[in-house]
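K.L.:
Let me give you the structure first, and then I'll get to my questions.
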Amino acid sequence: MSQNTTSRIAPELNVIDSESKVLKPGSVIGVLGGGQLGRMMTLSGAAMGYRFITLDPTDASPCGQIAEQIVADYSDQDAARELARRCDVITYEFENVDAEVAALLEKESYVPQGSKLLYTTQHRLREKQAIEASGVPVAPYREVKSAADMEEAVEALGVPCVLKTVTGGYDGKGQRVIREKEAALRAYEELGSSKVELVLEQFVPFTCEISVVAARNPQGEIKTFPPAENIHVNNILHTSIVPARVSSELQLEAQHLASQLAESLQVVGLLAVELFVTEDGKLYVNELAPRPHNSGHYTMEACTTTQFEQHVRAICGLPLADTTLLSPVVMVNVLGEHMEEVVDRFSGSDLEAEELGIAAKLHLYGKAEAKTGRKMGHINLLCHDVQHAMMWIEKTNIWRNQNS
């Protein structure tokens with residue numbers, strides 16, 4: 001285990017109110033995971049006076065470039081104890097952290113998010129059961145443990161349907177869409193058959209997908225951000241459009257469901273709730289993420305408070321801040337294949353942005369290698385009309401392979 005360290009120049013402060021677990025600015029926040037979410041959390045929290053240490057196996061991780069870093073595997077219990085020793089509170093920036101390490105940290109440190117929520121959201125089946133227990137609708141599903149289960153589940157749910165691994169998997173990995181019953185067993189075998197836990201979901205014929213980021217602090221205060229309308233390409237989030245192009249009634253209902261889940265699950269921090277919108281105006285929860293979320297990046301310039309500041313406020317026991325939307329906005333992801341053209345465009349004048357009245361705000365994550373399909377950054381397009389922002393994306397021709 002190695003670590004990058006910087007000396008502490010601030011005096012030791014009485015930063016923890018032990019009665020209500022309020023951690024004041026000057027406290028040290030530990031982050032399990034050194035990716036872009038930890039990086040943006042650090043940038044936001046540092047402005048408030050908090051200090052950060054991240055644990056990540058990759059030296060000079062995106063978060064580690066701007067915070068102290070302990071370089072170790074997530075399963076390294078000695079490294080986890082070192083993080084606990086040096087921090088006042090610990091959070092995680094992605095849910096595939098070792099749950100045993102999170103449980104260990106919960107015993108030896110203050111982890112307000114807890115290991116229970118991590119344990120639930122790491123596993124699609126447990127997650128769906130928890131959503132149902134909250135009284136919130138999810139698409140019909142079946143657990144699949146054998147080839148016989150697979151055949152019975154497809155017969156019960158019909159086609160099309162989606163077979164998913166219950167752990168791991170993101171951006172479309174670990175899943176197969178089944179459009180004919182004859183393809184069911186092949187999909188089952190491709191995903192590992194009985195060696196891997198699987199769940200089959202009924203395909204929801206949705207008109208769009210929206211997401212809501214909700215925040216809850218230990219005192220039980222809950223606030224939600226305006227819903228984002230999400231467009232995926234090749235199973236990777238391409239754009240988030242705010243305000244979402246659905247009725248105000250649906251937006252309010254989505255925020256209500258997100259609040260209901262945050263309360264039922266006793267969330268501390270952020271909970272991102274992805275929902276399908278059907279043609280008849282019904283909402284079904286697709287997935288949860290107990291952390292800042294890609295579809296919440298628009299808050300960085302477009303809201304009075306960013307999702308990252310709100311997460312810091314929540315885990316530190318501070319009052320939650322206002323979430324008012326200040327401007328229509330479209331967030332567009334920058335993948336590895338877009339990097340060269342994006343950097344070139346932001347190095348000169350942007351005539352398209354001037355013509356359309358767009359303010360384009362670039363955020364790059366500091367990742368060492370630009371790989372195809374890898375999230376390298378995002379751009380927030382502040383605008384008067386989201387259609388103008390969508391026109392900017394098209395006119396730049398940077399995302400030409402994603403706008404078919």
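The values are calculated or read from the model by the stated rules, or taken from the named source; none is laboratory data. Predicted model only: the values in this text are computed from it and were never measured. Positions of Cβ are backbone-derived with ideal geometry, glycine not excepted, and every protein chain shown enters the neighbour counts. Heads up: the accessible areas ignore ligands, DNA and RNA and are worked out on the full protein's heavy atoms, side chains in. Shrake-Rupley method; radii C 1.70, N 1.55, O 1.52, S 1.80 Å.
K.L.:
Would you pick out the residues in segment 131-175 that are charged (D, E, K, R), closer than 23 Å to L237 by Cα and surrounded by 18 or more Cβ atoms within 10 Å (Cβ to Cβ)?
P.N.:
From segment 131-175, those charged (D, E, K, R) are 132, 142-143, 145, 149, 151-152, 155, 164, 171, 173; that's our starting set.
Now restrict to residues that are closer than 23 Å to L237 by Cα: 164, 171, 173.
Once the filter is applied, which keeps residues that are charged (D, E, K, R), closer than 23 Å to L237 by Cα and surrounded by 18 or more Cβ atoms within 10 Å (Cβ to Cβ), segment 131-175 yields only K164.
K.L.:
Looking only at segment 189-243, filter to residues that are among the hydroxyl-bearing types (S, T, Y) and open to solvent by 60 Å² or more (accessible area, probe 1.4 Å); which one of those is nearest to P319 (Cα to Cα)?
P.N.:
Among residues in segment 189-243 that are among the hydroxyl-bearing types (S, T, Y) and open to solvent by 60 Å² or more (accessible area, probe 1.4 Å), the one nearest to P319 (Cα to Cα) is T207.
K.L.:
Considering only segment 280-293, I want to know if a residue exists there that is of a type in the set (G, A, S), open to solvent by less than 10 Å² (accessible area, probe 1.4 Å) and under 27 Å from T167 (Cα atoms).
P.N.:
yes
K.L.:
Sticking with this structure for a sec: Restricting attention to segment 65-73, does a residue exist that is at pLDDT below 95 and closer than 26 Å to E127 by Cβ?
P.N.:
yes
K.L.:
If you don't mind, another one. Can you work out which of the residues in segment 294-307 that are under 16 Å from the mean Cα position of the chain (by Cα) and among the hydroxyl-bearing types (S, T, Y) is most open to solvent (accessible area, probe 1.4 Å)?
P.N.:
Restricting to residues being under 16 Å from the mean Cα position of the chain (by Cα) and among the hydroxyl-bearing types (S, T, Y), the top hit is T306.
K.L.:
Restricting to strands (runs of 3 or more DSSP E) lying wholly in segment 137-221: which have 2 or more residues that are closer than 17 Å to R126 by Cβ and without any contact (Cβ under 8 Å) to a residue 60 or more places away in the chain?
P.N.:
Passing ranges, in order: 141-144, 161-165, 198-202.
K.L.:
When only residues in segment 57-105 that are without any contact (Cβ under 8 Å) to a residue 24 or more places away in the chain and either closer than 26 Å to M376 by Cα or in a strand (DSSP E or B) (or both) count, which is least open to solvent (accessible area, probe 1.4 Å)?
P.N.:
Once the filter is applied, the top-ranked residue is P57.
K.L.:
For the structure I just gave you, tell me whether V330 is outside any strand (DSSP E or B), open to solvent by less than 10 Å² (accessible area, probe 1.4 Å), out of contact with any His (no Cβ under 7 Å at 6 or more places or on another chain) and among the aliphatic types (A, V, I, L, M).
P.N.:
no
K.L.:
Just checking, how many residues over segment 178-188 are among the hydrophobic types (A, V, I, L, M, F, W, C), out of contact with any Pro (no Cβ under 7 Å at 6 or more places or on another chain) and crowded, with 19+ Cβ neighbours inside 10 Å?
P.N.:
Qualifying residue count for the region: 2.
K.L.:
Within segment 332-365, track down each residue that is of a type in the set (G, A, S) and farther than 20 Å from T299 by Cβ.
P.N.:
G336, S347, G348, S349, A353, G357
K.L.:
Tally the residues that are hydrophobic (A, V, I, L, M, F, W, C), assigned to a loop (DSSP other than H, G, I, E, B) and surrounded by fewer than 16 Cβ atoms within 10 Å (Cβ to Cβ), restricting the search to segment 334-374. Before you say what the answer is, go through the steps one by one.
P.N.:
Taking segment 334-374 and keeping what is hydrophobic (A, V, I, L, M, F, W, C), we get 334-335, 339, 342-343, 346, 351, 353, 356, 358-360, 362, 364, 368, 370.
Then keep just the ones that are assigned to a loop (DSSP other than H, G, I, E, B); that gives 346, 358, 368, 370.
Add one more test, that the residue is surrounded by fewer than 16 Cβ atoms within 10 Å (Cβ to Cβ), and what stays is 346, 368.
Residues flagged as hydrophobic (A, V, I, L, M, F, W, C), assigned to a loop (DSSP other than H, G, I, E, B) and surrounded by fewer than 16 Cβ atoms within 10 Å (Cβ to Cβ) within segment 334-374 amount to 2.
K.L.:
From T6, T54, which residue is at pLDDT 95 or above and hydroxyl-bearing (S, T, Y)?
P.N.:
That would be T54, the only listed residue that is at pLDDT 95 or above and hydroxyl-bearing (S, T, Y).
K.L.:
Same structure again: State yes or no: is L157 hydrophobic (A, V, I, L, M, F, W, C) and in contact with a strand residue (DSSP E or B) (Cβ under 9 Å, 6 or more places away or on another chain)? Step through it out loud before you land on a result.
P.N.:
On the way: hydrophobic (A, V, I, L, M, F, W, C): yes; in contact with a strand residue (DSSP E or B) (Cβ under 9 Å, 6 or more places away or on another chain): yes.
So L157 passes the test.
K.L.:
Still on this model: Please give the number of the condition Q310 fails out of (1) modelled with pLDDT of 95 or more; (2) open to solvent by 20 Å² or more (accessible area, probe 1.4 Å); (3) closer than 30 Å to R51 by Cβ.
P.N.:
(2)
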